[in-house]
Amino acid sequence: MKLNNLQILRGISALLVCCFHFSHYLNFENFPLGDMLFRRGSIGVSVFFVISGFIMAYTTRKKDFSINTSKEITLFYKRRLIRIVPLYFLLSFSWMVMGQSLMTYFHGDGLQRLIHSILFLPQKDIFPVLYLGWSLNYEMFFYLIFGISLLFYSKRYIFIISFFILTYLTGIYFPPQSAYFQMVTSPLNLFFVVGIVFALILDKIVIHKKWAALISVTGILTFILFLLDIITTTNALLNLLVVSLFVFSFLLFDYTFKFKGNRFLIFLGDISYSLYLSHPFVEIFFRKFKVTGYLNIPYFIFKIIVVIALAAFLYHFVEKKITAFLKVKLKA
């Protein structure tokens, strides 16, 4: 099954994060439009986590890992590294060069930061070299645990769901001090769990169109109200509920309604990883130009267009080509 609408959701999520980082351009005197629209745009990262959990379970649910176990797990890790690492490392290096601080990463705190970034290990109160990499730390940790779960064959989903729930509860009763264990016990990991659960549910049951329509309308409206800060909550589990229902709505577009989706929006999903990682470069470039007043609205739109154009370029000429090359070289 082609999950076109889930792919569309990838694009929407990446754009939400981008708009969140650009939102200050739309904050006018006595009218903070940017904050009103995108104050909570960073929630797009949580949407990505649910999608990641779903995709991992969706693509492995029918595979028998009791045959050639070590080979299959190695292949799983190779594919995840090929997908995440090349573009991230390339743009991290570019960020170091653009910041004219390349040499600071070869000694002292800068070297520590670089090593942690390369190894996808968090540091307390310090972002990775390319700051968006904080979310990739979570992604790579999830992939690590998911790969280990494959050793449990048919019980793998029980293992991984139990693992993340237990670590979350451990963090509540025994608050961690180190940055790494803060990540391990973070409620953000539960978003991956929800994605896995969705894949298992939708593989077993068919939801009638009447109920699917009700769920989808409720999920999308609730998410919009949450995004606009009309529904206000700082509770991690309520955030989880809102985001999960939103993702499930798009899954129903694929599973129940069989919507084909808009080509351009699907394309945004294709380039979403490049868009997510590269949009800070556009922000840095456009800081050189000053626009005042309500001219910032068309200026904001223009920057989003540039972000999409840059992401499309990186996707076609860097991301796809490097991925194809490494798949051949690493036999993945």
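A few points about this structure:
- Debye equation applied to the C-alpha atoms of the chain, log10 I(q)/I(0) at 0.15 Å⁻¹: -1.52
- Relative contact order computed over the chain (Cα-Cα under 8 Å; 6+ residues apart), in percent: 31
- Nearby lysines by direct alpha-carbon distance to LYS303 (threshold 30 angstrom, same-chain neighbours under 8 apart not counted): LYS260, LYS288, LYS290, LYS320, LYS321
- Mean separation of Cα contacts under 8 Å, 6 or more apart, over the residue count of segment 76-193: relative contact order %: 21
- Label sites at PHE31 and VAL318, each approximated as a point 7 angstrom past Cα along Cα to Cβ, lie 3.7 nm apart.
- Each Lys and Arg contributes +1 and each Asp and Glu -1, all at the Cβ; summed about the Cα centre of segment 24-79, the dipole is approximately 420 debye.
- Taking the centroid of alpha carbons for each part, segment 182-223 and segment 256-295 are 25 Å apart.
- Of all accessible heavy-atom area on segment 9-91, the percent that carbon and sulfur account for (1.4 Å): 58
- Taking N as the residue count of segment 107-228, its C-alpha radius of gyration divided by 2.2 N^0.38 Å amounts to 1.33.
- Extension gain, ARG39-LEU228: 0.36 nm per intervening residue step, less the Cα-Cα distance, totals 67.3 nm.
- Rounded D (µm²/s) - segment 1-143, Kirkwood Rh over Cα pairs, Stokes-Einstein at 4 °C, 1.567 mPa s: 73
- For the pair ILE158 and LYS260, label points projected 7 Å from Cα toward Cβ lie 4.4 nm apart.
- For segment 225-318: rounded, prolate or oblate by the Cα gyration tensor [a/c cutoff 1.5]: oblate
- Fully extending the segment from SER70 to THR170, taken as 0.36 nm per residue of separation minus the present Cα-Cα distance, adds 33.0 nm.
- Solvent-accessible surface (1.4 angstrom probe) belonging to ARG113, in square angstrom, nearest 10: 70
- Each distinct pair of alpha carbons in segment 190-231 adds a 1/r term; the inverse of their mean, the Kirkwood radius, is 11.9 Å.
- With all protein chains modelled, accessible area of LYS71 [1.4 Å, Å²]: 140
- Within segment 1-56, the ratio Rg/Rh, alpha carbon atoms throughout and Rh by Kirkwood, equals 1.14.
- Under 30 Å from the Cα of LYS124 - lysines, other chains or at least 8 residues apart: LYS78
- Per residue value of the accessible surface for segment 23-127 (all protein chains in place, 1.4 Å probe), Å²: 55
- Largest first, the residues PHE198, PHE93, PHE142 sort by 1.4 Å accessible area into PHE93, PHE198, PHE142.
- Within straight-line cross-link reach of LYS204, lysines at Cα separation under 19 Å, skipping those fewer than 8 residues along the same chain: LYS2, LYS62, LYS63, LYS155, LYS258
- Only Lys, Arg, Asp and Glu carry charge here, each on its Cβ (+1 for the first two, -1 for the last two); on that basis the chain has a dipole of about 1200 debye about its Cα centre.
- Carbon + sulfur, % of accessible area of segment 126-243 - ligands and nucleic acids excluded, 1.4 Å: 76
- With both labels modelled 7 Å from their Cα along Cα-to-Cβ, the LEU214 to THR59 distance reads 3.5 nm.
- Counting heavy atoms of the protein chains alone, LYS320 has an accessible area of about 100 Å² for a 1.4 Å probe.
The values are calculated or read from the model by the stated rules, or taken from the named source; none is laboratory data. All values reported here derive from a predicted model rather than from experimental measurement. Cβ coordinates were reconstructed from backbone atoms using ideal geometry, including for glycine residues, and neighbour counts include every protein chain displayed. Note: areas computed on protein heavy atoms with side chains; ligands, DNA, RNA excluded. Shrake-Rupley method; radii C 1.70, N 1.55, O 1.52, S 1.80 Å.
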